[in-house]
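J.: One structure, pasted below without further comment.
The values are calculated or read from the model by the stated rules, or taken from the named source; none is laboratory data. It should be emphasised that the depicted structure is a prediction, and the values quoted were computed from it without experimental measurement. Don't worry about glycine lacking a Cβ; one is built from the backbone with ideal geometry, like all the others, and counts go over all protein chains shown. To get the accessible areas, we keep the full protein, side chains included, count just its heavy atoms, and leave off ligands, DNA and RNA. Shrake-Rupley method; radii C 1.70, N 1.55, O 1.52, S 1.80 Å.
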Amino acid sequence: LLCSLLLGFGLDAYIAVGKVSKDTHTWVLTLSSPVTFWETVTGQRTALTDSRVSFYSTISCAFTISQFYANVQPDDRVANVLYDFGNPRHWKAVDSELLKGVAQWNYPLPLLAGAEIEVEEIERRVKKRVEEHRMNVLLVKTVFDEGLECVLMPALANYEMERLCGVTFGNEEFKDAIAKVIPQGHTFKAFPVQTQSVDEERILGRVLGSEVGKDIVETVGDEVRFAVRAKAVVYPENVVTVWTIVAVRYREVS
C-alpha cells in the first residue's frame, strides 16, 4: 500500500526485501536523490546518506507489480550497493512478460458487487451535485481539472491508512505533486470527508456543512477549476467506508 501511494505521487518506488540483523525484512525504497528507505508501519524515512541507514543490513531484491530486480552484486550490504537497476551487472531483471503470468493475489474479503464501478459513479454524481449547487447559488458553470484529480488519488489512500493505523505517509511528496499541477499564481484548496454512504446528497451535505468545504464549493475567481475524487474501502460484512475529496484551484480576482 505504501509503495502504491508513493508511486501515485510520481516517485520511482519499489518494495525491497533484505535483512535487518539476521531477520528477513521488507520496506519501500525510492530512487530519489539520495535513495531513501521507508518503513511501512511507522512511515519513517531514512536517506541512504543518513547514519541511521545502518538499521538495514542487506538487500536482496526490489520489485513492483511489473518489475523485479535481483541484486547480483558481490557485496549486498545496503550502504555498499549501487542502486542502478538498469545496470545488468548489478541487478538481474526478470522479463516483464514472465511477471504477467504470475498469479495475482486476490482480496480475501467479500467485496460489494461492482465496487470498482461504483467509485466512478460516486464521483460522477458528486460532480453533478457540485455543478447544480454552484449554478443555483452563484449562477456560474463549473469546470473540472482531470490532471488535478489524478494527483488527489494517493491522498485518499493516505487518509484511510491514517484513520486505521495512526500514521501518515508522503505529505511532502503530495505537496510536491500538487505544486507541479497548480499554475503559478493560483491558489489550491481541498476538503476530504468520510462517510459510510455512497449517496451523493450525504457526501456533499458533509462538505457544505463545513465552512471550509462550503467556501471551496462556492469559490469565485479567475480560471476556477474543480476536482472530485472518491475511494471506497470495503471491509467484512460488506461494510464500506467512502472517502471523497473536493478540491479547487483558482486565481484571485484583484
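J.: Can you give me the distance in nm between label points at Lys141 and Ser197, each placed 7 Å from the Cα along the Cα-to-Cβ direction?
T.: Label-label distance for Lys141 and Ser197, simple model: 3.2 nm.
J.: Helix 171-181 against the longest principal axis of the chain: what's the angle in degrees, Cα atoms only, rounded to the nearest 10?
T.: 60 degrees
J.: Can you give the net charge of the other residues whose Cβ lies under 15 Å from the Cβ of Gly10, counting K and R as +1 and D and E as -1?
T.: Values: positive: Lys175, Lys180; negative: Asp12, Glu149, Glu172, Glu173, Asp176.
Within the 15 Å Cβ shell, the charges total -3.
J.: Using each residue's phi in the stretch 66-81, evaluate 6.51 cos²θ - 1.76 cosθ + 1.60 at θ = phi - 60° and report the 3J(HN,Hα) Karplus result to the nearest Hz, with x for Gly and Pro.
T.: 10, 9, 9, 10, 9, 6, 10, 6, x, 10, 9, 5, 4, 6, 9, 7
J.: Each residue of the stretch 122-139 in order: what ³J(HN,Hα) in whole Hz does its phi give by Karplus 6.51 cos²θ - 1.76 cosθ + 1.60, θ = phi - 60°, with x for Gly and Pro?
T.: 4, 4, 4, 6, 5, 4, 4, 5, 5, 4, 5, 5, 5, 5, 5, 8, 10, 6
J.: Could you derive backbone 3J(HN,Hα) for the stretch 30-46 from the dihedral phi with the Karplus parameters 6.51, -1.76 and 1.60 (θ = phi - 60°), listing whole Hz in sequence and x where the residue is Gly or Pro?
T.: Going residue by residue, I get 10, 7, 9, 10, x, 4, 10, 9, 10, 7, 6, 8, 8, x, 5, 10, 9 Hz, with x marking Gly and Pro.
J.: Additional query: Which net charge results when you count Lys and Arg as +1 and Asp and Glu as -1 among the other residues whose beta-carbon is under 12 Å from that of Arg229?
T.: Overall, the nearby charge balance is -2.
J.: P(r) for the stretch 1-76, please, calculated from all Cα pair distances in 10 Å bins and given in %.
T.: For the stretch 1-76, the pair-distance distribution reads 19, 57, 23, 1.
J.: Using only DSSP helix segments of four residues or longer, with each worth -39500 (n - 2.57), what per-residue ellipticity at 222 nm results for the chain after dividing by its residue count and rounding to 500? Mind showing how you got there, number by number?
T.: Values: 7 runs with 83 residues, N = 254.
Helices in the chain give a 222 nm mean residue ellipticity of -10000 deg cm²/dmol.
J.: Another question, then. Quick one: which of 147-153, 89-95 comes out on top by average Cβ neighbours within 10 Å, and what's the full order, highest first?
T.: Put in order of decreasing packing, that is 147-153, 89-95.
J.: In whole Å, what three semi-axes, largest first, describe the equivalent ellipsoid of the chain built from its Cα gyration tensor (square root of 5 times each eigenvalue)?
T.: Value: 40, 22, 16 Å, ordered largest first.
J.: Within the accessible area of the stretch 122-232, what % is carbon and sulfur when the probe is 1.4 Å and the other protein chains stay in place?
T.: In the stretch 122-232, the share of accessible area belonging to carbon and sulfur is 49 percent.
J.: Continuing with the same structure: Can you classify the stretch 125-164 as rounded, prolate or oblate using the Cα gyration tensor, where a ≥ b ≥ c are the square roots of its eigenvalues, rounded means a/c under 1.5, and otherwise it's prolate if a/b beats b/c and oblate if not?
T.: In terms of gyration-tensor shape, prolate.
J.: Set the Förster distance to 22 Å, then compute FRET efficiency between Thr26 and Ala179 from the Cβ-Cβ distance, nearest 0.05.
T.: On the way: r = 31 Å, r/R0 = 1.40.
So the FRET efficiency works out to roughly 0.10.
J.: Leaving out ligands and nucleic acids, and using a 1.4 Å probe, what accessible area per residue does the stretch 176-223 come to in Å²?
T.: 56 Å²
J.: For Arg163 and Asp50, FRET efficiency with R0 = 22 Å and r from the beta-carbon atoms, rounded to 0.05?
T.: 0.15
J.: When we measure straight from the Cα of Lys175, which lysines land under 19 angstrom away, once same-chain ones fewer than 8 places off are left out?
T.: Lys189
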